[in-house]
1. Measuring with a 1.4 Å probe in the full set of protein chains, what accessible area per residue, in whole Å², belongs to the chain?
2. Determine ³J(HN,Hα), in whole Hz, for all residues of the range 5-15 in sequence, where each value follows from phi through the Karplus function 6.51 cos²θ - 1.76 cosθ + 1.60 and θ = phi - 60°; x replaces Gly and Pro.
3. Need one number for the chain: average projected area of the convex hull over its C-alpha atoms, nm².
4. Enumerate the amide H contacts of residue 81 below 5 Å, restricted to partners 5 or more residues apart or on another chain; note that Pro and chain-start residues carry no placed amide H.
5. So how strong a dipole does the chain carry about its Cα centre when Lys and Arg Cβ are +1 and Asp and Glu Cβ are -1, to the nearest 20 debye?
6. On a full-extension model of 0.36 nm per residue, what is the gain between residue 85 and residue 1, subtracting their alpha-carbon distance, rounded to one decimal in nm?
7. Tell me, what is the 1.4 Å probe accessible area of residue 77, in Å² to the nearest 10?
8. Could you tell me the number of lysine pairs in the chain with C-alpha atoms less than 26 Å from each other, where the two lysines are 8 or more residues apart or belong to different chains?
Amino acid sequence: MEVAFVYIVAGSEEEAKRIGRILLEKKLVACINIWKISSNYWWKGEIQEDEEFVLLAKTTAEKVEAVKEEVLELHSYELPCIVWWNVKGHDPYISWIEETVSG
């Protein structure tokens with residue numbers, strides 16, 4: 001089984017925590033991390049500068065699509081950043097993620 005990290009950007013710490021909590025409660029992820037970032041980006045023809053919050057969700061590759069669909073339902077942004085990549089790492093930690101989301 002492969003493990004994936006899903007990188008999600010939210011407009012507030014409260015939104016990131018709410019999304020993360022629901023993902024945890026539904027056992028779609030084993031763990032989340034949240035931190036504040038400064039974002040600069042193009043939106044509707046203008047450069048924007050905002051404070052946002054990253055939600056890094058740790059799950060299996062099998063659950064990524066379900067995580068994405070859940071985030072799209074919960075997120076306040078018109079076009080949320082939801083990207084992911086498969087990861088390798090310390091075998092016991094990777095196994096813990098797999099076991100946690102597999103039930």
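1. Working: 6290 Å² over 103 residues.
Value returned for the chain: 61 Å² of accessible area per residue.
2. Values, residue by residue: 9, 10, 9, 10, 10, 10, x, 8, 5, 4, 5 Hz.
3. On the way: hull surface 26.2 nm².
Convex hull of Cα atoms, orientation-averaged projection: 6.5 nm².
4. Placed amide hydrogens put 9 under 5 Å from residue 81.
5. Working: 11 positive and 19 negative charges, 52 e Å.
Here the size comes out at about 240 debye.
6. Numbers: separation 84, 0.36 × 84 = 30.24 nm, distance 1.39 nm.
Length difference between fully extended and current span is 28.9 nm.
7. Result for residue 77: roughly 70 Å² accessible.
8. 27
The values are calculated or read from the model by the stated rules, or taken from the named source; none is laboratory data. Note that the structure is predicted; figures quoted are calculated from it, not measured. Neighbour counts are summed over all protein chains in view; Cβ atoms, including those assigned to glycine, are modelled from backbone coordinates with ideal geometry. Side chains are part of the model used for accessible areas, which takes the heavy atoms of the whole protein and leaves out ligands, DNA and RNA. Shrake-Rupley method; radii C 1.70, N 1.55, O 1.52, S 1.80 Å.
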